[in-house]
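K.L.:
After the structure tokens below, expect a handful of questions from me.
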Amino acid sequence: MIELAPDQSMSNSLTRIGSQPIALAAAVLVAVVAGGASIALWRGYTGISPEPDRVAATRQLQARTAQASEQLVEKTKGLEATQQESIDQLQVVQDQLQTVRRLLAAQQTETKKLAEQVGGLTGAIDGLRQSFASAQPSDVSNTPTIRKKPIRTKRSAVSHRKRSKSRG
């Protein structure tokens, strides 16, 4: 077998690459130009260009975004109005509650006063009963008993007339 020295194999590969880079670069340049030309021809022939579609899609997306933003603003304003109404109603309810509390406190005070007055009147009535009860036995012996004639009612008068007619 023939063995090459490492220096010789390296120099051969470098000489091959050294003479080919220009050809390689020229081939890549031709491929890029050919690709660009084919894209340009294709767009020109079909009349389709992605840029206007992208612009239209972007404008449509912006319009949707603006519409969504407006809807959000309207809903936010509606929520603010609803929240303000709720706050106002809550304030009215709180005011009514305070009024009811004041009225209840006044009613409780009045009830206490009336209870004290009823207690006082009950005590006075009990005192009068006791004084009347203690004074009554001595008064009973002093007052003569008077017998009154019975008062005739219509029935007794009618029955008395019937008896007298039947007798006579």
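K.L.:
Using 7 Å Cα-to-Cβ label points, what is the GLU74/ILE87 separation (nm, one decimal)?
P.N.:
It works out to 2.4 nm between the two label points.
K.L.:
Would you mind calculating the gained length between ALA106 and LEU29 on full extension (0.36 nm times residue separation, minus the Cα-Cα distance), in nm to one decimal? Working shown, then result.
P.N.:
Working: separation 77, 0.36 × 77 = 27.72 nm, distance 10.20 nm.
Using 0.36 nm per residue and subtracting the Cα-Cα distance, I get 17.5 nm.
Each value in this text was obtained by applying a stated rule to the coordinates, not by laboratory testing. Values in this document were obtained by computation on a predicted structure and should not be read as measured data. FYI the Cβ positions are ideal-geometry reconstructions off the backbone, even for glycines, and counts take in every protein chain you see.
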